[in-house]
Amino acid sequence: MNKRRSCRGWSLAEAMFVMLLVSLLVGVSLKSPPSSRAHVRSAAQMVLSQLRMVRAQAAVKQTLVGFGFPRQGSPWAQSCYVLEGNPRPRPIRSTRWEGNCSRAYLWAGFWGGAEATPGLLSQGHHDLSAWATPYPEDAVIAFTPSGQALSRLPLVGGAYRLLVGTSFACEPASLDGQPAFKLTSIGQPITISITPGGAITLEEGLHQPSEASLNPVGARPAQSSPPRPLFGGGGNQNPTGTLEVVPAPATELPPGVDATCRVGGLLTLQVSAEDADGDPLQIEWSCDRGGGLSHPCQLPMTWKDGQWRAEWSWSPPPDTADGEKFQLTCHLSDGRGGQTDLHLGASGTIQALGDGRIVFSSDRTGNHELYAMNSDGTDLTQLTDEPGISHSWPRISPDGGKVLFNSNRHIGSGWQTELFVMNSDGSHIRQITRAADAPAPGWNSCGQTAWSPDGTRILFSTPRDPVQHDIWLIRLDGSGLQHLGKIDQPSPTDQVVPTEWSWNGILPYNPANSAAQFLLAGNMDFDLRRFFLDGSAAAPFSANQYQVSVSPDLHWVACVSTAGIQVGPWNGAAGSMTTVPGTETGCFYPTWSPDSTHLLFCRQVNRSNVDIYSVKRDGSQLKQLTNFSGWEDHPSWGLNSSP
């Protein structure tokens, strides 16, 4: 008979003990402090950066500039300073690391077995002895304008050697009558070498030019020399810094916006900071309306290239609406009461950009109506439903809240159209233009349109006869109608249509600065021209191109040519253009996505079939968005904003 093995579960006490043990192990693994070696490396990089900065400053200022660290009461330190001034130099800048690199110490001297000779005190007319340093017991290296290094420190193997380590033991000594320190033991050293010629290098371990015999383990110093006070310093000073987005944002942004970020994407920000007192700095971020931060708590900054630096990332909340705005604030502090808040640009305002919403015209019901869909072709919604009425040429406003379009709904039928605007959901349709109220020369029908960049005005064309078009300007509420002039074309076959209203891309958009704005217009003979809104003479833009579209970030321009849809960098003039792969045949009406990464365009399959496609500007991610046997065209891609 087989015996059954007896099993029992854990008791409550045993289970709680195991859970506590696991949590402690996890906590230790997640919160392990930086290693001693990491402290030494970070402190060594700070010292190296300061030395190189001092050498550069001497060349710029054409005078002696010194690097020093205190040695009052203790031969090692956790700070260094910069000396400037003639004939009596004073500490003007201090760097400290006892807070974030508490296990690292700085020392200078010589050691047994290594060849040691007195340092150089003069070069040319520069004399370190005459340069009366305020603290003669400190370790000081002064650089001349030509880059040579002068110091009372001994030359060990032909260079001044600064050591950074975790533990030291040394004894007072004398070298040719000059007081010095002789090292007897050190832990985890890094050597920074400065030659009399000014070369500055860093090497792992202890530099041993000869058979030096040294105990590699020493006791951690009980204390280090306190930092030297700065000249002119009253109390603790606040840190200063700069903030930037990487990669750099568009040269032009919407009014009141300092950066943009796609919903689902990341905005990366870099901070460079300084502290006149030399304190190590901490950084923390906050957002007025939430979102994801790469580090939600305060963290120390990293010393690199002579500054405190940090990189942070932020992402909008998942349910963020297109065009929603957030304010990010960077908080700097030095741990001693000094603090500063930094903002990106003027206010730190970040605008979130989603995939946007597409509005287009379609005859799928037998009548030209307006429809909206997501950027991937889903969620098709009919915006207008008026049998017998024509709706065409939709243009989404810059803020995404409105749709401008042409329609004959004011007369019920016929070819004469006026301009109308509605909310982005199809509600609240209202008429903008009225031919009966227009001054001479008036119009019979409105043509294509262009929004002003701030969304307050509309530019539109009206045909006068086969060889002339008039250009008009009107406010969104129908007021302020202004006749800007007529455009003459060289032959009766040309038809002028305004395709884009832009500004010079150099100055921020200002509605009053008409000299910096222009209208890009094309004709059926594949010519583009610039028409300036201040009345300046029209200028050729490019030949063999039409239906131009400038990207929202003002970095790119797209147009139609005989070679297909072409894309090139935008600089306010015609430039180098390349054809987007996959758009060579039967493609027209290009328009940009809100984030300027994709193009929307129409492709004619046959005489009665046109569908809408999207593609990245490099030709990748080509996708068909509509698949209907009829005619679907005039797409407009804008922000998905609520009216």
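Brief remarks follow.
- Distance from region 610-635 to region 392-444 (C-alpha centre basis), Å: 25
- When region 373-485 is reduced to its Cα atoms, the Kirkwood hydrodynamic radius in Å: 14.8
- Whole-percent carbon and sulfur share, accessible surface of region 152-198, 1.4 Å: 53
- Computed with a 1.4 Å probe on the full set of protein chains, the accessible area for Ser427 sits at about 40 Å².
- Arg430 accessible area, 1.4 Å probe, all protein chains in place, Å² to nearest 10: 60
- Built amide H within the under 5 Å cut-off of Gly356, gap 5+: Asn640
- For Ser286 and Ser35, the FRET efficiency from 1/(1 + (r/R0)^6), where r spans their Cβ atoms and R0 equals 35 Å, is about 0.70.
- Ligands, DNA and RNA excluded, the heavy atoms of Cys446 present near 10 Å² of accessible surface to a 1.4 Å solvent probe.
- Translational diffusion coefficient of region 271-354 (Stokes-Einstein, Kirkwood radius from Cα pairs, 10 °C, 1.306 mPa s): 115 µm²/s.
- When you count the other C-beta atoms within 10 angstrom of each residue and take the mean per peptide, 437-443, 621-627 line up highest first as 621-627, 437-443.
- Computed from label points 7 Å out along Cα-Cβ, the spacing between Glu115 and Asn609 is 8.8 nm.
- Semi-axis lengths (Å, descending) of the ellipsoid that matches the C-alpha gyration tensor of region 425-483: 20, 13, 12
- Estimated from the Cβ-Cβ distance and a Förster radius of 41 angstrom, the FRET efficiency linking Leu299 and Arg90 is about 0.75.
- Extension reserve of the Asn236-Arg364 stretch, reckoned as 0.36 nm per residue once the Cα distance is removed: 38.9 nm
- Two-site FRET efficiency, Ala59 against Ser347, from Cβ-Cβ distance with R₀ of 51 Å, rounded to 0.05: 0.85
- Spin-label pair Thr378/Glu274, simplified geometry with 7 Å Cα→Cβ offset, distance in nm: 5.2
- Largest-first ordering by accessible area, 1.4 Å probe, given options Ser479, Ser361: Ser479, Ser361
- Surface composition of region 44-114: carbon and sulfur make up 48 percent of the accessible area, probe 1.4 Å.
- Kirkwood-Stokes translational diffusion coefficient of region 39-164, alpha-carbon pairs, 10 °C, 1.306 mPa s, µm²/s: 107
- Accessible area per residue, Å², region 286-440 with all protein chains present, probe 1.4 Å: 44
The values are calculated or read from the model by the stated rules, or taken from the named source; none is laboratory data. Note that this is a predicted model, so its numbers are computed, not measured. In this analysis, Cβ positions are derived from the backbone assuming ideal geometry, glycine residues included, and neighbour counts consider all displayed protein chains. Heads up: the accessible areas ignore ligands, DNA and RNA and are worked out on the full protein's heavy atoms, side chains in. Shrake-Rupley method; radii C 1.70, N 1.55, O 1.52, S 1.80 Å.
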